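Scroll down for the structure; my scribbles are underneath it.
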Amino acid sequence: MERNLKNVLIISFGFLLLFTAYGGLQSLQSSLHSEEGLGVASLSVLYAALILSSMFLPPILIKKLGCKWTIAGSMCCYIAFSLGNFYASWYTLIPTSVILGLGGAPLWSAKCTYLTTAGNSYAEKAGKNGKDIINQYFGVFFLIFQSSGIWGNLISSLIFSQASNKVEISEENLACCGAYDCMTDTTNTTELAEPSNSLIYTLLGIYTASGVLAVLLIVIFLDQIKSDQAETEKEILETPSFWSTFLATFQHLKDKRQCLLIPLTMYSGFEQGFLSGDYTKTYVTCVLGIHYVGYVMICFSAVNSLCSLLFGKISQFTGRKLLFALATVTNAACIIALLLWKPHPKQLAVFFVFPALWGLSDAIWQTQTNGLYGILFEKHKEAAFANYRLWESLGFVIAFGYSTKLQVYIKLYILLSVLVLSMVMYGAVEYLEAKSSPGTPTTTKKENVGSLTQETHM
C-alpha cells in the first residue's frame, strides 16, 4: 500500500475510535448527569474552552510538537473526559471538559495539516494535481470518520438495553416529559429504569479503551512527516502569531456580510445543542428510557451523513438558496411539532422521525454554511472560518448554558426566533451579493464544501 494512503487510513481509524467514544458520551451527558444540570454544564464549558483553544493553541502546538504528536496529545485530552465520567461531579467533569475543549482545536488543525501535507507530497512525486489528491484523502477520512456517530451510540444502547429493571412509566410522569416539562430532573421520572452503575462503568470502560486504542494507533503506526516534506509543511505552518490571528478574527467583523451571518452561524450551535442536550433528555430518556438515546442518535447520524454527501453533490444544480429554504421549512416544522406533541411510549416511530428530519436540516446547515463562507470570504478564509468556529461554539455554549434554567417550550421558541432572524439576515447577505455582482448569480458559483464541511462537529 502506498505509504501516504496508509497514514491517511491510520488517522481515519484513529479518529473513528476516538469519536466513537466522544460522540456516544456527548449524546448521554444530559441524561446520565442530570443532577443540577451537571451534564449540560460540562458541555457548555467544553465549547467555551474550544473557543479559546481555536484562537490560540493550534499553530503553537503544531510548530512545537509536529502533527503526529499534536494529534496523539490532543487525543489524550478526550480520554481525560471519558475518565472524568467515571466519578462524575463538578470537581471531575468540569476540569476534564476544559481539557477536552483545549485539545479539540489542535486535534482537528493537526489532522488537516497532516492530510494536506501528505496529499501535496504524493501529488508532487506522482506528477498529479495537489488539490485533487488532498480532496481524495479528505474523502477517505470522512467516509470512515462519519460512521463514529453510529458505532458510539449503538454501543451505549446495546449495553443499557441489558438493564433488567425496566418499568412502566405512569401517565402522571409522562406529563412531565416533552415541551412543557416540569423543570425537575426528568430522569427522576424513570429512576427505577436507570441503568445500574455496573452497566455505566462497562460503557465508560469501553469508551476509554476505544480512546486509548486511538492514541496507540497514532503513536505506533503513524509516520512523522519526512524531511523531504519539510518545505510543504513549512508553507502550511507559516501562520501569523496568535495575537495577529486573534485580531484578524475580530477585524473581519468590519465586513458587513460577516456580521449578518452571525445569527445563522450561532443557530448551527443552537440546533445541535438542543438535539443532543434537550431532545435526548426531555423526550427520549424521559419517555422511553436512556437505552433508547443511542438508537435515536444513530438515526440522526446516519441521515446527516447521507444528506451531507447528497447536498454537497446537488448544490451545484439547485443552488444554496433552495437548500437553505428546505432546511428552514424542515427545522421550523419540527420545532412547531415538538411544541404541540405530547410524547408517549406507544408512538415509538415518532421519536425517530424528529432526529431524521433534524439530520436532514443539519446536513444543509453544515455543508451550505461552510460553502457560503468559502465563497464570500475567499481572500480571508482563515479569519472567516475562525469566526465560524467562534460563533457556532458560542451557540453551543448558550444552548447548553440555559438548558437547565428554562422550560423546553421556551427553548423551542428561542430556537424558532433565532431561525427566523438567521434567514432574514441571510436574505440580506444574498441581496448584497446580488447587488454587488448583478451579472453573476451567486447560486451558480462553484461551492467549495470539501474538507471543511464536517469540521464543525469537533
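The values are calculated or read from the model by the stated rules, or taken from the named source; none is laboratory data. All of these numbers come straight from a predicted model, not from anything done at the bench. Note: ideal-geometry Cβ built from the backbone for every residue, glycine included; neighbour counts use all protein chains shown. Just so you know, the surface numbers come from the protein's heavy atoms only, side chains and all, with ligands and any DNA or RNA stripped out. Shrake-Rupley method; radii C 1.70, N 1.55, O 1.52, S 1.80 Å.
Can you find a residue that is closer than 21 Å to residue 277 by Cα, open to solvent by 20 Å² or more (accessible area, probe 1.4 Å) and touching a Cys at 6+ places or on another chain (Cβ under 9 Å) anywhere in region 358-379?
Scanning region 358-379, I find at least one residue that is closer than 21 Å to residue 277 by Cα, open to solvent by 20 Å² or more (accessible area, probe 1.4 Å) and touching a Cys at 6+ places or on another chain (Cβ under 9 Å), so the answer is yes.
What's the number of the only condition in (1) open to solvent by less than 10 Å² (accessible area, probe 1.4 Å); (2) at pLDDT 90 or above that residue 153 fails to meet?
Only one criterion in (1) open to solvent by less than 10 Å² (accessible area, probe 1.4 Å); (2) at pLDDT 90 or above is unmet by residue 153, namely (2).
Go through region 393-409 and count every residue that is touching a Phe, Trp or Tyr at 6+ places or on another chain (Cβ under 9 Å) and part of a helix (DSSP H, G or I).
Number satisfying all stated conditions: 10.
So residue 136 clears everything in (1) touching a residue at least 12 places away in the same chain (Cβ under 8 Å); (2) surrounded by fewer than 21 Cβ atoms within 10 Å (Cβ to Cβ); (3) farther than 28 Å from residue 306 by Cα except one condition, right? Which one?
Going through the list (1) touching a residue at least 12 places away in the same chain (Cβ under 8 Å); (2) surrounded by fewer than 21 Cβ atoms within 10 Å (Cβ to Cβ); (3) farther than 28 Å from residue 306 by Cα, residue 136 breaks only (3).
Quick check: is even one residue across region 324-337 modelled with pLDDT under 90 and touching a helix residue (DSSP H, G or I) at 6+ places or on another chain (Cβ under 6 Å)?
No; the residues of region 324-337 include none that is modelled with pLDDT under 90 and touching a helix residue (DSSP H, G or I) at 6+ places or on another chain (Cβ under 6 Å).
State all residues of region 250-273 that are open to solvent by 10 Å² or more (accessible area, probe 1.4 Å), in contact (Cβ under 8 Å) with a residue 12 or more places away in the chain and either part of a helix (DSSP H, G or I) or among the basic types (Lys, Arg) (or both); if no residue qualifies, say none.
Passing the criteria: 251, 252, 253, 256, 257, 260, 262, 263, 266, 270, 272.
Which residue is farthest from residue 21 (Cα to Cα), if the candidates are limited to region 112-160 and must be out of contact with any Ser or Thr (no Cβ under 7 Å at 6 or more places or on another chain) and among the hydroxyl-bearing types (Ser, Thr, Tyr)?
Applying the filter and picking the extreme gives 122.
Take region 377-427 and flag every residue that is under 19 Å from the mean Cα position of the chain (by Cα), within 21 Å of residue 109 (Cβ to Cβ) and either of a type outside the set (Phe, Trp, Tyr) or not assigned by the TED database to the domain that holds residue 358 (or both).
384, 386, 387, 389, 390, 392, 393, 394, 395, 397 - these are the residues of region 377-427 that are under 19 Å from the mean Cα position of the chain (by Cα), within 21 Å of residue 109 (Cβ to Cβ) and either of a type outside the set (Phe, Trp, Tyr) or not assigned by the TED database to the domain that holds residue 358 (or both).
Being under 27 Å from residue 8 (Cα atoms) and aromatic (Phe, Trp, Tyr) is the filter; apply it to region 50-99 and report the residue that is surrounded by the most Cβ atoms within 10 Å (Cβ to Cβ).
81
Take residue 37 and tell me if it is touching a Pro at 6+ places or on another chain (Cβ under 9 Å) and open to solvent by less than 20 Å² (accessible area, probe 1.4 Å).
no
Looking at region 117-125, can you tell me whether even one residue there is closer than 30 Å to residue 82 by Cβ and in a helix (DSSP H, G or I)?
Among the residues of region 117-125, at least one is closer than 30 Å to residue 82 by Cβ and in a helix (DSSP H, G or I), which makes the answer yes.
For region 295-343, which residues satisfy the criterion of being aromatic (Phe, Trp, Tyr), more than 14 Å from residue 149 (Cα to Cα) and part of a helix (DSSP H, G or I)?
311, 317, 324
Consider residue 47 carefully, then state whether it is more than 19 Å from residue 404 (Cα to Cα), touching a residue at least 12 places away in the same chain (Cβ under 8 Å) and either of a type in the set (A, V, I, L, M, F, W, C) or open to solvent by less than 20 Å² (accessible area, probe 1.4 Å) (or both).
No: the conditions fail for residue 47.
Does region 214-223 hold any residues that are buried (at least 16 other Cβ atoms within 10 Å of the Cβ) and in a helix (DSSP H, G or I), and which are they?
Result: 214, 215, 217, 218.
Quick one: is residue 418 open to solvent by less than 50 Å² (accessible area, probe 1.4 Å) and either charged (D, E, K, R) or farther than 18 Å from residue 280 by Cα (or both)?
Yes, satisfied.
What single numbered condition from (1) open to solvent by 10 Å² or more (accessible area, probe 1.4 Å); (2) modelled with pLDDT under 90; (3) within 28 Å of residue 46 (Cβ to Cβ) fails to hold for residue 310?
Among (1) open to solvent by 10 Å² or more (accessible area, probe 1.4 Å); (2) modelled with pLDDT under 90; (3) within 28 Å of residue 46 (Cβ to Cβ), the lone unmet condition for residue 310 is (3).
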